[in-house]
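Since the structure comes first, as structure tokens, the remarks are kept for the end.
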2 protein chains.
Amino acid sequence: MFKSSQNKEFFLGIDGGGSKCKAIITNGNNEILGTGLSGPGNPLHGFEQATNSIIESATLALKDADLEGVNLHNINAGIGLAGVNLPAQLKQMQLWKHPFKQMFLAHDLMIACLGAHQVNNGAVIITGTGSCGFSCIDEQEFLIGGHGFPQGDKGSGAWFGLQATKQVLLSIDGIVEPSIMNEMLLTKLSCSDATSIVEMIVSKKATFYAQLANIVFDAANLGDKVAIAIIEEGVEYIDTLARILLAKKPARISLLGGIAPILKAWLSQEVQMQLSESLSPPEVGAVIFVQQKLALQQDEIGQFN
Amino acid sequence: MFKSSQNKEFFLGIDGGGSKCKAIITNGNNEILGTGLSGPGNPLHGFEQATNSIIESATLALKDADLEGVNLHNINAGIGLAGVNLPAQLKQMQLWKHPFKQMFLAHDLMIACLGAHQVNNGAVIITGTGSCGFSCIDEQEFLIGGHGFPQGDKGSGAWFGLQATKQVLLSIDGIVEPSIMNEMLLTKLSCSDATSIVEMIVSKKATFYAQLANIVFDAANLGDKVAIAIIEEGVEYIDTLARILLAKKPARISLLGGIAPILKAWLSQEVQMQLSESLSPPEVGAVIFVQQKLALQQDEIGQFN
């Protein structure tokens, strides 16, 4: 039904993160024909769930594009996944008996960077639930930070939320000065005192704390000194990531992730001035990635002919 | 077989913590006749496990004292438990159909303080896996800190271990200065780089991090600046707890817990000078507690006669 000509070829781009998996299907003219959204796609938190989410999002994207008659077996997929920077998860995913024509696997930062800049020369700082810096210049990849919660991911949503919680507990104890975050956090968690906060947050994960990040910025905007000190510490780290990445002279650098819009204004002027707007989301980066890999295969075939 | 005279009465003292439950049995002359050790006794981490541990440690203490013929039903028990400062856990424990003659329940800080000072007027700072301050003066109890990991418990073993891990990851990334803790942590965890550290520590709990605390002190003793800065921050908090407790004018104040011996030398001279050695462990405090409660009952009976 669909012959593999330049214009009738389809490409799947998939961005699999800790909370959801996004897929797009494009044609050879790079037009997005359909999108699909499913559950968590990070194999670190479950290989079966991640692979199910990948297939589900791809199937939904085909359906959205009215291409239900097309088999995944006939489509090349570029898949960017959180977690595959860890060797065990990468190996597990590489051994997956996937349903695609070919699967090209990258970590989520690679496709975020490709999507943001649409060329293979750029850097990104991501600050969402977690945080990290990444650049890809002349095919040299460089990753900094991103060591997870609570041991790393400074300047991320989860980090801001945890810092707020820590300082509120110290403030309620009278060990740091009074903060308007105290009332904000008690209200947000429907708690009445430090004990009920502790009961509420026991064993909570990064995604929970990331939802508390706004408290810090709201309080800082009202002049709260405790909140401003937290932001200054987080921003110092993000500024440092930016300087380290800028020293590598990327063509472009972008700040991405859920708290990027709110954090940007707090960065140093020097860093802010050098930030470029992201051109497209990671799932578009995944399509660019698969096209680059296919072009390389063509080059290699060409060399032998 | 055993008549309840002053000298043939037995008392159980139990200290139930997050990792183990310790019991002693004493006679009316306050001589320790036997001891018992069992598993975790914090009801926050499982009511059934905690109550089983309490019974097991008590039974082992009786056996150790060659008092297997004595029924728990004939013995008054003082039980100090971590976790019963939280209302839900306290209520659950109070409703427990316990096997003792009478059960007198206290939180673990109360019996630690009673054990350390053997009188009802004192303060303790505990820094083991977690940290907190407590005083009991003229029957007024005061608790500060102790909000759990990772949101509280500053200056505790788990806090030192997590700070070490954070700083090592930042140092490996070149964001903070080189530290000899880097090599120490890699060796301790049998890891080769930041990625393998992250794989090793994902989702680890406070007890895991507490085992890393020594790295900070070992490195600081070798002059490592990153380690010294961590200790200074932790010590500032413990010094603050001490000053807040000292302002309440306790008869005595002691520093207790697993890292107390190593931390003591880092405290301010002013605080160090006011610290007293602990007189006895928490399980002895639990026996003092049950004896005080029984004396109160006698007084009340006396008032009506």
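Arranged by the count of other C-beta atoms within 10 angstrom, fewest first, what order do B:51, B:195 take?
Numbers: B:51 20, B:195 16.
Going from least to most buried by this count: B:195, B:51.
Give me the percent relative contact order of chain B, please, defined on Cα pairs under 8 angstrom at least 6 residues apart. Mind showing how you got there, number by number?
Numbers: 621 pairs, mean separation 59.7, N = 305.
Contact order relative to length: 20 percent.
Quick one: Karplus J couplings for the stretch A:47-59, per residue in order, coefficients 6.51, -1.76, 1.60, θ = phi - 60°, nearest Hz, x for Gly and Pro?
5, 5, 4, 4, 5, 4, 5, 4, 5, 5, 5, 5, 5
Can you tell me what share of the DSSP beta bridges in the protein assembly as shown is antiparallel? A percent to the nearest 5 is fine.
If we restrict to bridges inside the protein assembly as shown, about 60 percent are antiparallel.
Provide an ascending nm list, one decimal, of label-point separations from residue B:20 to the equivalent residue in each further copy; define each label point as 7 Å from Cα along Cα→Cβ.
Spacings between copies for this position, smallest first, are 5.0 nm.
Compute the distribution of all C-alpha to C-alpha distances in the stretch B:154-301, in bins of 5 Å from 0, and list the percent of pairs in each, rounded to whole numbers.
2, 8, 16, 17, 15, 12, 9, 8, 6, 3, 2, 2, 1, 0, 0
Measuring nothing but label to label, 7 Å from Cα along Cα→Cβ, what are residue B:273's distances to the other copies in nm, shortest first?
Its label point is 5.4 nm from the equivalent points in the other copies.
Order by neighbour count: B:181, A:93, B:103, B:273, fewest other Cβ atoms within 10 Å first, most last. Let's see the in-between values first.
Details: B:181 26, A:93 21, B:103 18, B:273 8.
Placing the least packed residue first, the sequence is B:273, B:103, A:93, B:181.
Sort out for me the Cα centre separation of the stretch B:249-288 from the stretch A:121-178, rounded to whole Å.
Cα centres, the stretch B:249-288 to the stretch A:121-178: 36 Å.
In whole angstrom, how long is each semi-axis of the equivalent ellipsoid of chain A, when you take the square root of 5 times every eigenvalue of its Cα gyration tensor and sort them from largest down?
Largest first, chain A gives 40, 22, 15 Å.
So which residue of A has the beta-carbon closest to the axis that swings A onto B, and how many whole Å away?
A:150, 2
As a check on your grasp of the helix formula, calculate [θ] at 222 nm for chain B: sum -39500 (n - 2.57) over DSSP H runs of n ≥ 4, divide by the residue count, round to the nearest 500.
Here the helix-only value at 222 nm equals -14000 deg cm²/dmol.
Summing +1 for each Lys or Arg and -1 for each Asp or Glu, what net charge is found among the other residues whose Cβ lies under 10 Å from the Cβ of residue B:115?
Neighbour charge sum, excluding residue B:115 itself: -2.
For the pairs B:97/B:154; A:225/B:248; A:293/B:166; A:204/B:63; A:188/A:249; A:154/B:264, note any where the Cα-Cα span goes beyond 32 Å.
B:97/B:154; A:293/B:166; A:204/B:63; A:188/A:249
Tell me the net charge near residue A:238. Cut-off is 15 Å between Cβ atoms, residue A:238 excluded, with +1 for each Lys or Arg and -1 for each Asp or Glu.
That sum, taken over residues with Cβ under 15 Å, equals -4.
Of all the C-alpha pairs in the stretch B:141-227, what % are more than 23 Å from each other? Don't skip to the answer; put the middle values down first.
Numbers: 793 of 3741 pairs.
Every Cα pair in the stretch B:141-227 considered, those over 23 Å come to 21 percent.
When only C-alpha pairs under 8 Å and at least 6 residues apart count, what is the relative contact order of the stretch B:157-274, in percent?
30 percent
May I ask for the net charge around residue A:258, where only other residues with Cβ less than 15 Å from the Cβ of residue A:258 are counted and Lys, Arg are +1 while Asp, Glu are -1?
Its environment carries a net charge of 0.
With 10 angstrom as the radius, rank B:113, B:191 by how many other C-beta atoms surround their C-beta, starting from the fewest.
B:191, B:113
Copy-to-copy spacing for residue B:49, label 7 Å out on the Cα-to-C-beta vector, in nm, shortest first?
Result, one decimal in nm: 2.2.
Quick one: plug the Kirkwood hydrodynamic radius of the stretch B:21-88 (C-alpha pairs) into Stokes-Einstein at 25 °C, 0.890 mPa s, and report D in µm²/s. Kindly include the intermediate steps, with their values, before the conclusion.
Details: Rh = 12.5 Å.
The diffusion coefficient I find is 197 µm²/s.
Take the Cα pairs of the protein assembly as shown, get the Kirkwood Rh, then feed it into Stokes-Einstein at 4 °C and 1.567 mPa s and tell me D in µm²/s.
47 µm²/s
Select from the stretch B:33-97 those trypsin sites (Lys or Arg not before Pro) which occupy a DSSP coil region and have at most 13 other Cβ atoms within 10 Å, ordered by residue number.
Loop-located and lightly packed - B:97.
Quick check: pseudo-label points 7 Å beyond the Cα along Cα→Cβ at residue B:63 and residue A:118, how many nm apart are they?
About 7.5 nm separates the two model spin labels.
We did not get these values from a lab; they are worked out from the coordinates using the rules stated. Nothing here was measured: the structure is a model prediction, and the numbers come from that model. Note: ideal-geometry Cβ built from the backbone for every residue, glycine included; neighbour counts use all protein chains shown.
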